[in-house]
Amino acid sequence: MRKIIIAAVAAASLLASAADEGRSVELYLERTIPAVGGRITALAAGFEGASALYGTSEGSLVLVDLATGEEAVLFNAGGREITAVAASPGNLFAALAARGSSVWLIDVGQRAPRGELKDAKGRVGVLAFSADGRHLAAGGEKKEIAVWEIPSGQLSSKLKGHGGEVLAISFADGDRSLISAGRDKKMIVWDAASSKALRKYDLEAGTIEGAGIDVTSAAVSADRLFLAAAIEEHILKKGGQGMIFKYHLAFFDVSKGALLKILADNVRKIEDVALYPGNCFAAFDNSTLQESSIAMRNIESGNLDLVYPVSPACRMVEFSADGRWLAGASEKPGADGEAKLLVWKVDYEMPASGCFSGRIRLASESVPILKKGPPRIAAVLPFATGAGDGELGNAAGNFMESRLSGVPGLKLIERARVDDIVKELALQKSGLVDKGSAVKAGKLLGAALIITGNIDRAGADLVVSARVIDVATGGILGTRQVHCGQCGADDIFDAIDMLARTIAE
């Protein structure tokens, strides 16, 4: 993939583009907006639509309509530098953190504070609202995450488990869990109700044996499937004369902590990364000593699809929630002495099957159907398929059984007995494992539960669904589904691996 660098010009219609397998991403500089009161020190996309919030070194909190350029000053933090901002769904509320351990909740419609939220400790660097707008989380240098009820401002919990500054927070699973990442090189998935850590993963992504690793920034994808971590890798040169530094973006699966991909060898430390809402690109400051620029790197191919010259440098960038706009905050005032917010229109046609890990993505809730409890006898049947895909259904059933074999709450019936019953009932021949057949098989096997599913084709895509059936009642306890874009037979194992985590704890 060729890299395209288009020289900056003074026209507002400045264009940059690059090709990627017949697709292209284009940026048009729509407007440059002078910042209200000092440098921009915090930037966040609105929860939805085409809005953004920024905070300044002099304490101004500003809401911007990226499509029109209209600004509204919502609050001033008494001249204190704002370190983090966030918007709630519908832009009903805004939140800001200011130096001095202060977090404020702002009523956007009234342009007035609802109150100061207590119990934040140290410098707060990240704020996040829940999808229903009823909770706000804050994290920063003091390692813990504070969660408040909104709009009351009542502290609901404190999440303690990180050993370093918290860099990213996101609510997930219908606000039943939170995802966080920190400088301690840990990603933690928390249970919102109990405030306990459900899963903790190491963010290890080195390319040089023996090198040290620092996490410099992080972001959670809009679909909450993966985390992007900016990595600084460093090692002493042979002979001890100086250091070698490398800068990478690493992507980790949220559900199992697996390293999905490393985009290696960026030109500078990445101190802020923005993820395109459709998971196709990561945008970040790519400036060198010779030239200031923004990079858009294709997550799936790894190519540096766009290098966009900009002056002065934009250390912070954010995509709007609808993916149509990119905002960049200038690092320092320009030649005219003003700090600015630059706004680009993003022109990109996302593939129908999605991008990157969205190629294999959960299309249903992720909460396990079967909770922890006394072991129950279960049988895994082949998955139903269309004509010619019988072996794929058998493979899916076998792999699901393998993935569930170590679950404490399940006692699986051996494969040979299941195969005998499947043949007796001619389930493979029919290519259909409906609820009635599954219940009949379960009774013959002496199982309390039947786990089976379907594999359906839609062109080159696969939709893989799994369901748990109660043999005694014939009722379906739950279903889960994975969509696999542009998938082949080998991808069925990744799809089942994702599904298995939604079947039982």
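Just so you know, all these numbers are worked out from the coordinates, no wet-lab data involved. Every value quoted in this text rests on a predicted model; they were computed, and no experiment measured them. Note that each Cβ is placed from the backbone with ideal geometry, even for glycine, and that neighbours are counted across all protein chains shown.
Can you tell me the length gained on complete extension of the stretch Lys423 to Lys121, counting 0.36 nm per residue apart and subtracting the Cα distance?
Numbers: separation 302, 0.36 × 302 = 108.72 nm, distance 6.35 nm.
Working it through step by step, the gained length comes to 102.4 nm.
To the nearest 20 debye, what charge dipole does the stretch 35-202 have about its Cα centre, counting +1 at the Cβ of each Lys and Arg and -1 at the Cβ of each Asp and Glu? Mind showing how you got there, number by number?
Working: 20 positive and 19 negative charges, 156 e Å.
Rounded to the nearest 20 debye, it is 760 debye.
Considering the options Gly409, Gly397, Gln481, tell which one lies farthest towards the positive end of the dipole of the stretch 376-500, charges being +1 on Lys and Arg and -1 on Asp and Glu at the Cβ, about the Cα centre.
The Cα lying farthest towards the positive end belongs to Gly409.
Take every Cα pair under 8 Å in the chain that's 6+ residues apart, average their separations, divide by the length, and report that relative contact order as a whole percent. Could the numbers behind the result be given before it?
Details: 1361 pairs, mean separation 53.5, N = 505.
Answer for the chain is 11 percent.
For the modelled label position 7 Å from the Cα of Asp214 along Cα-to-Cβ, which residues of the stretch 268-291 have backbone nitrogen atoms closer than 13 Å?
269-271
Can you spot the lysines whose alpha carbon is less than 30 Å from Lys423's alpha carbon? Ignore those fewer than 8 places along the same chain.
Lys411, Lys435, Lys440, Lys443
Check Val310: other-chain or 5+ apart residues with amide H under 5 Å from its amide H, H built from backbone geometry?
Amide H neighbours of Val310: Ser292, Ser293, Ile294.
Please compute the alpha carbon radius of gyration of the stretch 35-202, then divide it by the globular-protein estimate 2.2 N^0.38 Å. Two decimals is fine. Kindly include the intermediate steps, with their values, before the conclusion.
On the way: Rg = 15.0 Å, N = 168, 2.2 N^0.38 = 15.4 Å.
Dividing the Cα radius of gyration by 2.2 N^0.38 Å gives 0.98.
Aspartates and glutamates within cross-link reach of Lys340: Cα-Cα under 16 Å, excluding same-chain residues under 8 positions apart?
Glu30, Glu58, Asp65, Glu70, Glu71, Asp285, Glu318, Glu331
For the chain, what is the charge dipole size about the Cα centre, in debye to the nearest 20, if Lys and Arg each add +1 at the Cβ and Asp and Glu each add -1 at the Cβ?
Values: 56 positive and 61 negative charges, 295 e Å.
Computed about the Cα centre, the dipole is about 1420 debye.
What FRET efficiency comes out for the pair Arg501/Ala363, r = Cβ-Cβ distance, R0 = 25 Å, nearest 0.05?
Working: r = 14 Å, r/R0 = 0.56.
Computed FRET efficiency for Arg501 and Ala363 comes out at 0.95.
What 222 nm value per residue comes from the helices of the chain, counting each DSSP H run with n ≥ 4 as -39,500 (n - 2.57) and dividing by all residues, nearest 500 deg cm²/dmol? The partial results should precede the final answer.
Working: 5 runs with 49 residues, N = 505.
So the helix-based figure for the chain works out to -3000 deg cm²/dmol.
Give the calculated FRET efficiency between Asp107 and Asp202 to the nearest 0.05, with a Förster radius of 35 Å applied to their Cβ-Cβ distance. Write out the running numbers ahead of the final one.
Working: r = 41 Å, r/R0 = 1.17.
It comes to 0.30.
Given a Förster distance of 30 Å, report the FRET efficiency between Ala72 and Glu26 from their Cβ-Cβ distance, rounded to the nearest 0.05.
Details: r = 29 Å, r/R0 = 0.97.
Calculated value: 0.55.
Shape of the stretch 229-299 from its Cα gyration tensor (a ≥ b ≥ c, root eigenvalues): rounded if a/c is under 1.5, otherwise prolate when a/b > b/c, or oblate? Before the final figure, lay out the partial values.
On the way: a/c = 3.29, a/b = 1.33, b/c = 2.47.
Oblate shape, in that a/c is at least 1.5 and b/c is the bigger or equal ratio.
So for the pair Lys372, Asp175, with labels modelled 7 Å out along Cα→Cβ, what separation do we get in nm?
2.6 nm
Out of residues 5 or more away from Ala504 or on other chains, whose amide H comes under 5 Å of its own, with H placed 1.01 Å from N in the peptide plane?
Ile369, Leu370
List the aspartates and glutamates whose Cα sits under 13 Å from the Cα of Lys200, skipping any in the same chain fewer than 8 residues away.
Within the straight-line limit of under 13 Å, Lys200 reaches these aspartates and glutamates: Asp184, Asp191, Asp253.
Quick one: plug the Kirkwood hydrodynamic radius of the chain (C-alpha pairs) into Stokes-Einstein at 20 °C, 1.002 mPa s, and report D in µm²/s. All intermediate terms of the calculation are to be shown ahead of the outcome.
Values: Rh = 24.6 Å.
Rounded, D is 87 µm²/s.
What's the center-to-center distance, using Cα atoms, between the stretch 201-231 and the stretch 276-348 in Å?
Each part's Cα centre sits 20 Å from the other's.
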